[in-house]
There are 2 protein chains.
Amino acid sequence: MTGRRPQRPRDPEARRAALAAAVVEVVAEVGIGRTTHRAVAARAGLPLGTTTYYFPTLDDLVATGLAHATEALRAELDAWSARLGTATDPAATLAGLVVGYLADRRRARVEYELYVAAARNPALRPLAETWLHGLRDLLIPHTGATAARDVAALVDGAVLQALATDTKLNRADLAAAIRRLTP
Amino acid sequence: MTGRRPQRPRDPEARRAALAAAVVEVVAEVGIGRTTHRAVAARAGLPLGTTTYYFPTLDDLVATGLAHATEALRAELDAWSARLGTATDPAATLAGLVVGYLADRRRARVEYELYVAAARNPALRPLAETWLHGLRDLLIPHTGATAARDVAALVDGAVLQALATDTKLNRADLAAAIRRLTP
DNA sequence: ACATATCTTGTACTTTAGTACAAGAGGGCT
DNA sequence: AGCCCTCTTGTACTAAAGTACAAGATATGT
C-alpha cells in the first residue's frame with residue numbers, strides 16, 4: 001500500500017554533514033568499535049544505502065565523523081585562545097573553559113574515544129593531535145613551552161578522570177593546580 | 001581422517017585464566033568494542049565453546065579480562081608504594097615508575113581502553129577507579145590530598161598523550177612537573 | 001524535449017559473530 | 001564395575017552487519 005518514501009531534494013553536502021554528525025552521536029553512545037552503518041543511518045534519519053554511497057567503507061565514515069568533531073573542537077580552541085589573550089587571571093580562565101568543555105560529556109567522550117583509538121590506529125593520530133597539540137600550542141605564548149606541555153597533560157588527565165568516574169571538575173582546584181605548573 | 005583434538009586435562013581455573021589473559025591481548029589489539037568470542041578463543045588456543053561454557057555472555061568475558069588486568073595493575077601499585085616509601089627523590093622515582101609502566105604499551109592501552117569504556121558504562125567504573133584512585137591514594141602520604149589528586153591527573157594525562165601520539169615520555173621533564181605540583 | 005550523469009532509496013547477498021547444545025571424555029564415589 | 005557430575009570439544013542456529021547493486025528520480029546541458 002505505502003509506496004516508497006518521497007525522495008529528499010538532492011543535497012550531497014547536507015548528506016555528508018548529516019552522516020558525520022550522526023557518527024559523532026553514535027560514537028558518543030556506543031564507542032567507535034561498536035559504531036555501525038545502520039546505527040549511523042538510523043541516527044541521521046537516512047536510508048542505509050546513503051552511508052555506502054558517500055563513504056566507501058565504514059572506516060571512512062567513522063573517520064569523517066571524527067574529523068567533523070575535531071574541526072568543531074579546533075574552532076573552540078581558537079575561541080579559548082582569544083579568551084586567554086584578554087584574561088586577567090589566565091589560570092582561572094582556562095580552568096573555567098575546561099569545566100565548560102566538560103559540561104557536554106557526550107562530546108568530551110568522543111574526543112577521548114578518539115585518543116584511545118589513535119593509540120592503536122596510526123591513521124587517527126593526526127586527528128588526535130589536533131586537540132593535544134592545539135591546547136599545548138595555544139598555551140605556549142602565555143606560559144612557555146614546558147609549562148604548556150605540563151598544563152596540557154594536567155588538563156587531559158583531569159578531564160579523563162572526570163569522565164571515567166563520572167564526577168565533576170572543581171574549577172578552583174583546577175586553577176590552583178594550573179598555577180603551580182605555571183612559572 | 002583426523003578425529004577430534006585429543007582432549008586437554010580438566011582444569012577450570014587454567015581455562016578461566018587463559019581466557020582472561022587472552023581477552024587482555026585482544027583488547028590491546030582491537031579495542032573493547034571489537035573484542036569477540038572467537039578472537040579470544042583463538043588467542044587462548046581454546047575452542048569457541050569454552051568461552052560460553054565459562055562465561056554466560058560476552059560482557060562477562062570481557063569484564064573478567066579487564067578485572068584480570070586491573071588486578072595485575074593493583075599489585076604493581078603496591079610495588080610502587082614500597083618504592084616510594086624508601087625513595088630519596090620521590091618525584092624522580094615516580095617519574096621513573098611511570099616511564100617503566102609505559103614501556104609496555106600494550107598493557108597501558110588496555111587500561112585507557114577501560115577508562116574510556118567506563119565513561120560510557122557505569123558497570124566498569126569500579127575497575128577504572130582501581131588505578132585512578134589507587135595512584136592517588138598511594139601518593140597521599142607523600143604529598144597530601146590535593147597534590148596527590150593533581151599529580152595523578154598529570155600522570156594520567158601524560159600517559160594518555162604519549163599513547164595517543166606514540167611518543168616517549170621524558171623522565172626528567174615529568175619529574176620536574178611532579179615537583180611543581182608537590183608542596 | 002531528450003539524453004545523461006548524479007543522487008536517492010530499498011533490498012539482497014555474504015560474512016561475521018553471539019549463543020545454544022549435543023556428543024563424548026574423564027574422574028570420583030559407592 | 002557402574003553411575004553421575006563436570007568439563008571438553010565441535011557444530012549448528014540465528015541475528016547483526018558490511019557491502020553491492022538495481023530501479024527510479026532529478027537536475028543539467030544541448
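No value in this document is a laboratory result; all are computed from the given coordinates. Because the structure is predicted, anything quoted here is derived from the model rather than measured. Counting neighbours? That spans all protein chains shown, and the Cβs are built from the backbone with ideal geometry, glycine included.
Give me the residue from region A:38-61 that is near DNA strand D (Cβ under 9 Å from one of its atoms) and within 11 Å of residue A:25 (Cα to Cα) and, out of that set, nearest to the other protein chains (Cβ to nearest Cβ). Ranking the candidates gives A:39 first. Within region A:97-121, the residues that satisfy the criterion of being more than 30 Å from residue B:107 (Cβ to Cβ) and either in a helix (DSSP H, G or I) or over 11 Å from the mean Cα position of the chain (by Cα) (or both) are A:97, A:99, A:100, A:103.
Only one of the numbered conditions (1) within 20 Å of residue B:74 (Cβ to Cβ); (2) crowded, with 24+ Cβ neighbours inside 10 Å is not met by residue B:123, and that is (2). Taking every residue in region A:42-71 that is farther than 13 Å from residue A:15 by Cα and touching a residue at least 24 places away in the same chain (Cβ under 8 Å) and pairing it with any residue that is among the polar types (S, T, N, Q) and away from DNA strand D (no atom under 13 Å from the Cβ), at least 6 positions away or on another chain, the pairs with Cβ-Cβ distances below 7 Å are A:70/A:130. Restricting attention to region B:13-53 and to residues that are surrounded by fewer than 17 Cβ atoms within 10 Å (Cβ to Cβ) and of a type in the set (Ser, Thr, Tyr), the residue that is nearest to residue A:119 (Cα to Cα) turns out to be B:36.
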